[in-house]
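Asker: Pasting a structure here, questions to come.
The values are calculated or read from the model by the stated rules, or taken from the named source; none is laboratory data. All of these numbers come straight from a predicted model, not from anything done at the bench. Every residue, glycine as well, gets a Cβ built from its backbone with ideal geometry; the counts of neighbours run over all protein chains shown.
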Amino acid sequence: MKSWTMRALGAAAVAMAAQGAMAQESSNRVATMTDWSVFAEENPKECWGVSSPKETVNSRDGQPVSVRRGDILLFVTFRPGAPGAISFSGGYPFAAGSTVKVDIDGTSFEMITDGEWAWPGSNDDDAAVLAAMKKGSNAVLTARSGKGTQTKDTFSLRGFTAAMTDAEKRCQ
């Protein structure tokens, strides 16, 4: 993929995820399905499901470490006429040129990173991750910070399919 395309995708993902993070704390929550919440905005119209990890493990050189991280959130955003778009906020700047490994019940995917955000590299990748998440029970995201900290965030997928169905329906 050409670098300008990746920058455009990155800017779109950051804007989308930033809006989602702000709404996480707003009154736009319209539903909660077990471990996932659904939010909706009217102008521009977009809806998203979001969850925080059930477990977070931080390590350096194989040893557990205590680190400060910002919001750690996994999003799926829907807009009218567009497929679901997955994004991840790791709560720290990822190491330059690194990827985030996503493991969903033994099936692995990679997300590209830019700053504190990560997302699948194409619409097809989004669709594959989304399909696996709908069938899975946990999503484990493993990444590396710019300071060398290895992170492993485990997200429950309980309520995921119901939340995504609701979010997508609200944004048709």
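Asker: State all residues of region 103-117 that are touching a residue at least 40 places away in the same chain (Cβ under 8 Å) and part of a strand (DSSP E or B); if no residue qualifies, say none.
Answerer: Answer for region 103-117, where residues must be touching a residue at least 40 places away in the same chain (Cβ under 8 Å) and part of a strand (DSSP E or B): 104, 112, 114, 117.
Asker: Another question, if that's okay. I'm trying to understand the selection: among the residues of region 73-102, which are part of a loop (DSSP other than H, G, I, E, B) and of a type in the set (Phe, Trp, Tyr)?
Answerer: Listed by number, the list holds a single entry, 92.
Asker: In this structure, is residue 77 surrounded by 21 or more Cβ atoms within 10 Å (Cβ to Cβ) and in contact with a Phe, Trp or Tyr (Cβ under 8 Å, 6 or more places away or on another chain)?
Answerer: Yes; evaluated as a whole, the condition is true for this residue.
Asker: Identify the residue in region 16-46 that is at pLDDT below 90 and assigned to a strand (DSSP E or B) and, among all such residues, is surrounded by the most Cβ atoms within 10 Å (Cβ to Cβ).
Answerer: The extreme case among them is 33.
Asker: Being touching a Pro at 6+ places or on another chain (Cβ under 7 Å) and either at pLDDT below 95 or at positive phi (or both) is the filter here, so list the residues in region 62-109 that pass it.
Answerer: Correct list: empty.
Asker: Output the residue which, of all residues in region 118-129 that are more than 16 Å from residue 79 (Cβ to Cβ) and assigned to a helix (DSSP H, G or I), is farthest from the chain's Cα centre (by Cα).
Answerer: Among residues in region 118-129 that are more than 16 Å from residue 79 (Cβ to Cβ) and assigned to a helix (DSSP H, G or I), the one farthest from the chain's Cα centre (by Cα) is 124.
Yes or no, residue by residue, for (1) part of a helix (DSSP H, G or I); (2) within 13 Å of the chain's Cα centre (by Cα):
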| position | (1), (2) |
| --- | --- |
| 131 | yes, no |
| 139 | no, yes |
| 152 | no, no |
| 163 | yes, no |
| 169 | yes, no |
| 172 | no, no |
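Asker: Can you confirm whether region 86-98 contains a residue that is under 17 Å from residue 146 (Cβ atoms), without any contact (Cβ under 8 Å) to a residue 60 or more places away in the chain and among the aliphatic types (A, V, I, L, M)?
Answerer: yes
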